[in-house]
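Notes to accompany the following structure.
The values are calculated or read from the model by the stated rules, or taken from the named source; none is laboratory data. Predicted, not measured: the structure shown is a model, and the values here were computed from it. Note that each Cβ is placed from the backbone with ideal geometry, even for glycine, and that neighbours are counted across all protein chains shown.
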Amino acid sequence: MPADDVIDLAKRSEVIVYAIAIVAKDVPASRGWADAELMLRSLTRETGGRLFVATEPPQLPAIYMQVADELANQYSMAYVSTNGKKDGSWRRIALQVLKGDATPRTRSGYYATKEKR
């Protein structure tokens, strides 16, 4: 399945994707890894998740704790769109924090409801 299809499926499923890659630090980066990393970064960014890259297995418990902490400290927000069209189109959203040093991590948008015919 092409990468764009995977990303689209994840967005339609409304899931948050966290990815963990283990990359040997002594091995030079390859074109294959660069392509995989780009795809993983796109997938995690578009779904509101995050990509972690570990260079050795002992780093994994700390990464698991970071993911667990993020999942345990999520907030839900809602809004009502001013666009009333029920066309099933992708609608991009952005969230900004105006005060403080919090970094919002959200999915990049949503698919509008599609009118049933």
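Overview of results
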{"read-out": "Meets criteria (part of a loop (DSSP other than H, G, I, E, B) and polar (S, T, N, Q)) for SER81", "value": "yes"}
{"read-out": "The lone exception for ASP35 - which of (1) among the charged types (D, E, K, R); (2) over 12 Å from the mean Cα position of the chain (by Cα); (3) surrounded by 13 or more Cβ atoms within 10 Å (Cβ to Cβ) it fails", "value": "(3)"}
{"read-out": "Criterion (surrounded by 11 or more Cβ atoms within 10 Å (Cβ to Cβ) and modelled with pLDDT of 90 or more) met by exactly one of VAL53, VAL23", "value": "VAL53"}
{"read-out": "Residue among THR44, THR106 that alone is part of a helix (DSSP H, G or I), out of contact with any Asp or Glu (no Cβ under 8 Å at 6 or more places or on another chain) and within 16 Å of ALA10 (Cβ to Cβ)", "value": "THR44"}
{"read-out": "Residue match in the stretch 73-91 (condition: over 30 Å from LYS114 (Cβ atoms) and not hydroxyl-bearing (Ser, Thr, Tyr))", "value": "yes"}
{"read-out": "Flag if ILE7 is surrounded by 13 or more Cβ atoms within 10 Å (Cβ to Cβ), in contact with a Ser or Thr (Cβ under 7 Å, 6 or more places away or on another chain) and in a loop (DSSP other than H, G, I, E, B)", "value": "no"}
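Quick grid of which residues meet (1) among the hydrophobic types (A, V, I, L, M, F, W, C); (2) surrounded by 15 or more Cβ atoms within 10 Å (Cβ to Cβ):
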{"residue": "MET39", "(1), (2)": "yes, yes"}
{"residue": "SER42", "(1), (2)": "no, yes"}
{"residue": "PRO57", "(1), (2)": "no, no"}
{"residue": "ILE63", "(1), (2)": "yes, yes"}
{"residue": "GLN66", "(1), (2)": "no, no"}
{"residue": "TYR75", "(1), (2)": "no, no"}
{"residue": "TRP90", "(1), (2)": "yes, no"}
{"residue": "LYS114", "(1), (2)": "no, no"}
